[in-house]
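The values are calculated or read from the model by the stated rules, or taken from the named source; none is laboratory data. Remember, predicted model here, so these are calculated numbers, not experimental data. As a convention, Cβ positions derive from the backbone with ideal geometry for all residues, glycine included, and neighbour counts pool all protein chains shown. Only protein heavy atoms, including side chains, enter the accessible area calculation; ligands, DNA and RNA are left aside. Shrake-Rupley method; radii C 1.70, N 1.55, O 1.52, S 1.80 Å.
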Amino acid sequence: MKILIADDDAMSRRLLQKTLERFDYQVIAVENGMLAKDQLCRQDGPRLALLDWVMPELDGPGVCQEVRKKADHSYVYMVLLTSKESKEDTVAGLESGADDYLTKPFNPEELKARLRTGVRILDLEDKLVEAREEMRFRATHDPLTRLWNRGVIMDLLSRELSRSFRETTNIAVILGDLDHFKKVNDTHGHLVGDEVLLETARRLLASVRSYDYIGRYGGEEFLMILSNCDAHHAFARADQIRKAICGKPMHTAVGPLTATMSLGLLLSKDWGARPVGEVLNEVDAALYAAKAAGRDCVKLAVYPQDCQDLEVSAERRGRRDA
């Protein structure tokens, strides 16, 4: 583990460095508090620090205060080295953000034990962060495909629809369904079906841009949101996704299997400000049209002409009444 030592006395700094290197630490040594603060505030900076209390530019407690302001960084375990022995000084040092202190001159074995305590605390902190991130991931992602789950992808769709209407841009909403997927499960079993779903998710992710969204909508259905997608190219983009699924067989435990996908496509600019539920109903209807057309194709959700005429008439009446 990397450890930083900050001491303005060159002799003390060298002795402490040699001691820590014997304990198998990777040592970064600096001669003032400002350099210590800069090192500890880096994303890849040391997470253990031994700080002399009295230093030029910034003292040890000052370094602790500055490091603690960086709430987005990993925790840094900091020990103050001081010749101050009063209880008031000890309290002031700990209240500045230090985790521990050692009074000079200190015993090397005591230093080793204190640092070992710091390492244990950092390990516990890492495990807590890992557990928290795992819980967050499970709450937002599908457990099999690791795509966004239904709740999250619908929330993202709502936000993207609002944004596209506000900024007068277009998003392509695509609902894809694997054709005859029940036959895969019935013939080869659900484990092979899971393999097909995993490979489908991988191919879908590889077919879109990093800022597009894909979620498992349910079963073998996948909802895709292509942000800032030019309306003239949206159908071609959807067809590329379709070809990514059927282009080559998927490797499974029972051998290569061919899969196809039917897709419904909706362009947000054609529908104006619509609730998420209505948009999903329309793109779902387009998906069923693709199924009815023989599967393995893309169908566009077209806004009915009679509805367009009614809205135009209402708009004209509104202008006339105004």
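Residue 217 - would you say it is part of a strand (DSSP E or B), of a type in the set (Phe, Trp, Tyr) and either modelled with pLDDT under 95 or open to solvent by less than 60 Å² (accessible area, probe 1.4 Å) (or both)? Yes; evaluated as a whole, the condition is true for this residue.
Could you check region 189-214 and list, in sequence order, the residues that are within 15 Å of residue 251 (Cβ to Cβ), touching a strand residue (DSSP E or B) at 6+ places or on another chain (Cβ under 7 Å) and open to solvent by 20 Å² or more (accessible area, probe 1.4 Å)? Even if it seems obvious, please write down each step before you answer.
First, pick out the residues of region 189-214 that are within 15 Å of residue 251 (Cβ to Cβ): 191-203.
Filter once more, so that each one left must be touching a strand residue (DSSP E or B) at 6+ places or on another chain (Cβ under 7 Å): 192, 195-196, 199-200.
Within region 189-214, 195, 199 qualify.
Restricting the first member to region 214-238 and to residues that are more than 13 Å from residue 283 (Cβ to Cβ), and the second to residues that are open to solvent by 10 Å² or more (accessible area, probe 1.4 Å) and among the aromatic types (Phe, Trp, Tyr), the beta-carbon pairs closer than 9 Å and six or more apart or on different chains are 214/148; 215/148; 216/148; 219/181; 220/181; 227/211; 227/213; 228/211.
For region 125-133, check the following and say yes or no: at least one residue is in contact with a strand residue (DSSP E or B) (Cβ under 9 Å, 6 or more places away or on another chain), within 28 Å of residue 198 (Cα to Cα), in a helix (DSSP H, G or I) and of a type outside the set (A, V, I, L, M). No - not one qualifying residue is present in region 125-133. When residue 101 is tested against (1) closer than 30 Å to residue 6 by Cα; (2) out of contact with any Gly (no Cβ under 9 Å at 6 or more places or on another chain); (3) not in a helix (DSSP H, G or I), only condition (2) is not met. Residue 93 meets the conditions (1) open to solvent by 30 Å² or more (accessible area, probe 1.4 Å); (2) within 22 Å of residue 9 (Cα to Cα); (3) of a type outside the set (A, V, I, L, M) in every case but one. The failed one is (1). Does region 147-154 include one or more residues that are open to solvent by 50 Å² or more (accessible area, probe 1.4 Å) and within 14 Å of the chain's Cα centre (by Cα)? Yes, region 147-154 contains at least one residue that is open to solvent by 50 Å² or more (accessible area, probe 1.4 Å) and within 14 Å of the chain's Cα centre (by Cα). Are any residues in region 271-292 among the aliphatic types (A, V, I, L, M) and open to solvent by 60 Å² or more (accessible area, probe 1.4 Å), and if so, which ones? Within region 271-292, 273, 292 qualify. For residue 118, the criteria (1) touching a strand residue (DSSP E or B) at 6+ places or on another chain (Cβ under 7 Å); (2) buried (at least 16 other Cβ atoms within 10 Å of the Cβ); (3) within 20 Å of residue 241 (Cβ to Cβ) hold in every case but one, which is (3).
Considering only region 220-322, give the helices (runs of 4 or more DSSP H) lying wholly within it that have at least 1 residues that are among the basic types (Lys, Arg) and modelled with pLDDT under 90.
305-321
Looking only at residues in region 21-73 that are part of a helix (DSSP H, G or I) and free of Cβ contacts under 8 Å to residues at least 24 places away in the same chain, which one is nearest to residue 94 (Cα to Cα)? Among them, the one singled out is 38.
Of everything listed in (1) free of Cβ contacts under 8 Å to residues at least 24 places away in the same chain; (2) touching a helix residue (DSSP H, G or I) at 6+ places or on another chain (Cβ under 7 Å), the single unmet condition for residue 182 is (2). Give the residue, chosen from 138, 166, 116, that is closer than 30 Å to residue 231 by Cβ and without any contact (Cβ under 8 Å) to a residue 12 or more places away in the chain. Among 138, 166, 116, only 166 is closer than 30 Å to residue 231 by Cβ and without any contact (Cβ under 8 Å) to a residue 12 or more places away in the chain.
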